[in-house]
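**Student:** One structure coming up, written as structure tokens, with questions to follow.
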Amino acid sequence: MVTSSPGRSVDRVDGAAKVTGAAKYAADNRLPGIVHGHLVTSTIARGTIRSMDVRAARAAAGVIAVYTPADPLRLLPPQNPIIQIAGEARRPLQDREVRYHGQIIGLVVAETFEQARDAAALVRVTYRPHGDPLRASFAEAARDAVIPDPPWSQPVYFRADGVTPIDQALANSQVTVSATYDQPPKQHNAMEPHSAVAMWEGGRLTVYSGTQGPALHALEIAEALGVDKRNVHVISPYVGGGFGGKVVTWAPTLLAAAAARALGRPVKVVTTREQLFTVTGHRTEFTQQVTLGASRDGRLNAVKHEGVSNMLIENPTRVVGELYDSPNLHLVTRIATMDVPKTTIMRAPGYEAGSFALECAMDEMAGELGMDPVELRTKNDLTTSYPLPEASERLPFSSRHLKECYQVGARRFGWSRRRAEPRAVTDGDRLVGMGMASGVLPASQFVAAARVRFRANGTVNVASANADLGTGALTALAILGADSLGIPVDRVKPALGTSLLPVNWEGDAMMGAAGSAGTTTLASAVHTAARDAIKALIAHAVAHEASPFHGMDTEDVHYERGVLTAGAKSTPFGRLLTTTRTGGIEATTVAELKEEADRYAFASYAAYFCEVRVDRWTGEARLSRMTTVVDAGAIVNAKTARSQIVGGIIMSLGQALLEDARLEADTGRIANANLADYLLPVNADVPPLDVHFLDHPDTNYNHAGVRGLGELSSVGAAAAIANAVYNATGVRVRQLPITPDKLI
Ligand code: MOS
């Protein structure tokens with residue numbers, strides 16, 4: 001039913017509202033009688049709160065309440081294991097323990113934001129430090145890291161002959177490379193800080209709060225406050241960036257809701273930029289060791305990839321299992337325990353870090369073999385999925401065009417002009433280098449619910465309790481609705497972003513824009529709901545006395561492109577509903593996924609080709625151009641899909657060259673918790689980025705042929721940059737970010 005055309009490019013339906021400031025984000029909501037909460041955070045990393053003197057704060061102008069562990073707002077712990085892992089298993093204010101620097105230990109509520117902030121500064125705290133040493137050094141914690149309990153990150157050991165240990169298989173390989181790759185912790189730093197406005201009316205709670213999943217958000221808030229989830233209404237039409245940081249619910253929103261209940265007034269809590277670094281989750285630090293063994297002609301024989309993170313979902317060792325064919329695999333991830341702010345998921349968890357290590361190691365192997373890096377990758381391209389613990393069976397790939405990504409990318413970029421030997425090309429004071437890498441992201445989709453409603457005015461409402469975290473999901477929803485119904489996009493009115501829209505409460509816990517599953521999830525839900533709405537429309541057409549189809553058999557009435565026909569009779573749905581004086585006909589349905597979705601392996605792919613220029617005197621590396629070719633099935637909207645890929649590449653540029661959260665090992669404090677010292681790429685760092693989509697709809701996955709791509713370009717792009725830096729300078733930097741001091 002859906003035609004895919006990578007060329008189709010639709011402006012965001014909410015674009016005008018966003019660029020004119022008309023779009024209301026959570027903190028923009030001003031309600032009558034609203035009061036403001038400001039967080040108080042700990043100034044030590046580990047210990048017990050001995051005392052909190054709140055007298056001065058309570059006496060300060062405008063202060064309404066001061067909540068502390070001694071006088072808390074009660075919050076119940078999360079039940080869902082995913083939430084316990086990606087969020088905070090222990091809610092703040094529920095005990096006197098301090099588990100990390102910058103933990104929430106109080107909330108001051110006042111008539112104005114400024115009064116709350118000033119009073120928060122008057123709270124005096126004394127602590128009893130714990131005697132045992134602080135675990136804030138990742139390098140030290142990594143030494144004691146352990147393999148987690150199932151089901152998390154279980155080791156994978158494949159032996160071609162069933163007996164030869166990996167080290168023997170490596171020793172038997174004609175060529176080996178082995179290296180350690182490190183990357184620092186990273187912060188989410190979405191433009192919109194975590195913030196919430198909460199209001200109670202009787203037993204019902206309304207929360208305005210930016211989230212990647214309004215229904216999951218409602219569920220978590222309800223659980224924490226001990227109320228029914230159906231009495232919590234989350235309103236989140238606009239989200240200023242999420243990247244995984246707004247999947248689970250962080251304490252500022254829970255505290256706003258609890259304070260609003262306690263005070264009987266609407267409460268707003270906005271997290272400051274500095275507080276965001278500690279009271280919401282960040283990406284773990286990693287260390288990884290990769291050893292590759294290959295034959296002289298470049299066939300991989302053994303891959304040993306061992307990684308350490310301190311977040312259970314951040315498993316970096318799975319990437320090779322999606323990319324390359326090797327008869328021997330040894331993949332082990334260990335988890336370190338630390339006294340630092342909570343780590344959570346961030347764009348392409350596991351794959352972001354794992355691809356940096358693996359794709360740099362592949363470049364090192366190509367150098368060792370004297371082989372072109374594209375040829376090495378092409379030679380080892382996987383054709384059937386590994387039976388990893390997550391998949392257990394060996395499945396054919398449904399639609400895999402990674403080799404075409406390499407070919408098209410190399411041509412568009414001009415890869416044939418690359419000089420294999422490092423430091424061979426200069427341009428004035430710049431050393432010029434080229435690098436490439438592969439990207440991959442396993443596909444996922446959730447079973448969501450959607451509603452499709454035909455209206456008498458000739459438009460159709462399409463709705464689901466999902467989120468648009470800035471990706472263009474709302475526009476994609478309009479397009480998917482239009483395609484499912486065969487009508488123009490401008491006749492579809494899409495709605496997302498509140499928990500009152502259709503939700504599949506019985507389905508997946510992650511009912512939102514996560515796992516790059518947003519568009520695929522909506523595609524199946526809308527397809528199913530459109531089918532049912534068409535059935536309901538035909539049933540209405542034959543049943544209603546005023547209808548031209550009245551009394552006919554439903555089988556004889558057909559729907560096509562917004563028009564009902566039977567024999568010579570033909571009526572657009574708008575006219576039908578006007579004639580029958582019916583406001584709308586709708587269906588709300590839980591998605592039916594395609595059976596084929598169980599019979600194949602699905603992933604999206606990318607190839608990156610880039611050029612960097614390194615100043616020979618200062619060591620400053622700059623990305624000067626990049627070509628990315630993407631195989632992600634059908635592209636619903638080329639305009640916003642391109643933005644997603646570009647956004648991921650810019651994050652990868654940060655990963656490669658800039659981002660570095662400085663956790664002080666002796667205090668557990670993040671020393672650069674601000675946007676002046678925590679470096680992010682800005683416009684001046686980003687050259688024109690060439691993005692090309694291949695056109696291979698994956699209709700085994702869903703009718704629209706769509707796979708996810710939101711997180712894809714955070715996988716592999718940093719390695720391409722690091723490989724280009726090596727080609728430019730001859731210096732192999734394996735500790736990110738690649739700062740000037742490492743190049744001179
Ligand atoms: Mo993504 S880290 O699943 O929001």
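The values are calculated or read from the model by the stated rules, or taken from the named source; none is laboratory data. No experiment lies behind these values; they were computed from the predicted model shown. Here the Cβ is made from the backbone with ideal geometry for all residues, glycine too, and neighbour counts use every protein chain on show. In case anyone asks, the SASA skips ligands and DNA or RNA and just uses the protein heavy atoms, side chains included. Shrake-Rupley method; radii C 1.70, N 1.55, O 1.52, S 1.80 Å.
**Student:** Return a yes/no flag: does segment 66-77 have any residue that is under 23 Å from residue 273 (Cβ atoms) and of a type in the set (Gly, Ala, Ser).
**Tutor:** No, because not a single residue in segment 66-77 is under 23 Å from residue 273 (Cβ atoms) and of a type in the set (Gly, Ala, Ser).
**Student:** Turning to a different aspect of this structure: What pairs come out if I take residues in segment 228-251 that are at positive phi and pair them with residues that are within 16 Å of the ligand (Cβ to nearest atom) and of a type in the set (Val, Ile, Thr) whose C-beta lies under 8 Å away, six or more apart or interchain?
**Tutor:** Between residues of segment 228-251 that are at positive phi and residues that are within 16 Å of the ligand (Cβ to nearest atom) and of a type in the set (Val, Ile, Thr), the close pairs are 244/344; 244/345.
**Student:** Which ones in segment 361-406 are under 24 Å from the mean Cα position of the chain (by Cα) and over 16 Å from residue 605 (Cα atoms)?
**Tutor:** 388, 389, 390, 391
**Student:** Can I ask one more? Which of the residues that make up segment 319-333 are hydroxyl-bearing (Ser, Thr, Tyr) and touching a Phe, Trp or Tyr at 6+ places or on another chain (Cβ under 9 Å)?
**Tutor:** Passing the criteria: 326, 333.
**Student:** Go through 206, 271 for me and flag whichever is open to solvent by 10 Å² or more (accessible area, probe 1.4 Å) and over 15 Å from residue 467 (Cβ atoms).
**Tutor:** 206
**Student:** Output the residues belonging to segment 215-242 that are part of a loop (DSSP other than H, G, I, E, B) and surrounded by fewer than 24 Cβ atoms within 10 Å (Cβ to Cβ).
**Tutor:** 226, 227, 228, 237, 238, 240, 241
**Student:** Restricting attention to segment 170-184, report how many residues are out of contact with any Pro (no Cβ under 9 Å at 6 or more places or on another chain) and either open to solvent by 50 Å² or more (accessible area, probe 1.4 Å) or closer than 22 Å to residue 669 by Cβ (or both).
**Tutor:** Here the count works out to 7.
**Student:** Exactly one of these conditions fails for residue 96: (1) on the phi < 0 side of the Ramachandran plot; (2) open to solvent by less than 80 Å² (accessible area, probe 1.4 Å); (3) of a type outside the set (A, V, I, L, M, F, W, C). Give me its number.
**Tutor:** (2)
**Student:** Could you tell me whether residue 521 is open to solvent by 30 Å² or more (accessible area, probe 1.4 Å), of a type in the set (S, T, N, Q), within 16 Å of the ligand (Cβ to nearest atom) and at pLDDT 95 or above?
**Tutor:** Against the criterion (open to solvent by 30 Å² or more (accessible area, probe 1.4 Å), of a type in the set (S, T, N, Q), within 16 Å of the ligand (Cβ to nearest atom) and at pLDDT 95 or above), residue 521 does not qualify.
**Student:** Being hydroxyl-bearing (Ser, Thr, Tyr) and either within 15 Å of the ligand (Cβ to nearest atom) or under 19 Å from residue 710 (Cβ atoms) (or both) is the filter here; which residues of segment 427-476 pass it?
**Tutor:** 438, 444, 464, 471, 475
**Student:** Just checking, how many residues over segment 411-426 are of a type outside the set (A, V, I, L, M, F, W, C) and more than 22 Å from residue 744 (Cα to Cα)?
**Tutor:** 6
**Student:** Here's another thing I want to ask about it. Can you spot a residue in segment 320-330 that is surrounded by fewer than 19 Cβ atoms within 10 Å (Cβ to Cβ), more than 15 Å from residue 438 (Cβ to Cβ) and away from the ligand (no atom under 16 Å from the Cβ)?
**Tutor:** Yes, some residue in segment 320-330 is surrounded by fewer than 19 Cβ atoms within 10 Å (Cβ to Cβ), more than 15 Å from residue 438 (Cβ to Cβ) and away from the ligand (no atom under 16 Å from the Cβ).
**Student:** Quick one: would you say residue 265 is touching a helix residue (DSSP H, G or I) at 6+ places or on another chain (Cβ under 8 Å), touching a residue at least 60 places away in the same chain (Cβ under 8 Å) and among the basic types (Lys, Arg)?
**Tutor:** Considered against the rule, which asks whether it is touching a helix residue (DSSP H, G or I) at 6+ places or on another chain (Cβ under 8 Å), touching a residue at least 60 places away in the same chain (Cβ under 8 Å) and among the basic types (Lys, Arg), residue 265 comes out as no.
**Student:** Sort out which residues of segment 446-499 are crowded, with 24+ Cβ neighbours inside 10 Å and of a type in the set (Ser, Thr, Tyr), and write them in order of number.
**Tutor:** 464, 471, 484, 499, listed by residue number.
**Student:** When you go through 689, 709, 694 one by one, which is the residue that is within 16 Å of the ligand (Cβ to nearest atom), open to solvent by less than 40 Å² (accessible area, probe 1.4 Å) and in contact with a strand residue (DSSP E or B) (Cβ under 6 Å, 6 or more places away or on another chain)?
**Tutor:** 709
**Student:** Would you confirm, using the coordinates I've provided, whether residue 684 is open to solvent by less than 10 Å² (accessible area, probe 1.4 Å) and either part of a helix (DSSP H, G or I) or within 30 Å of residue 398 (Cα to Cα) (or both)?
**Tutor:** no
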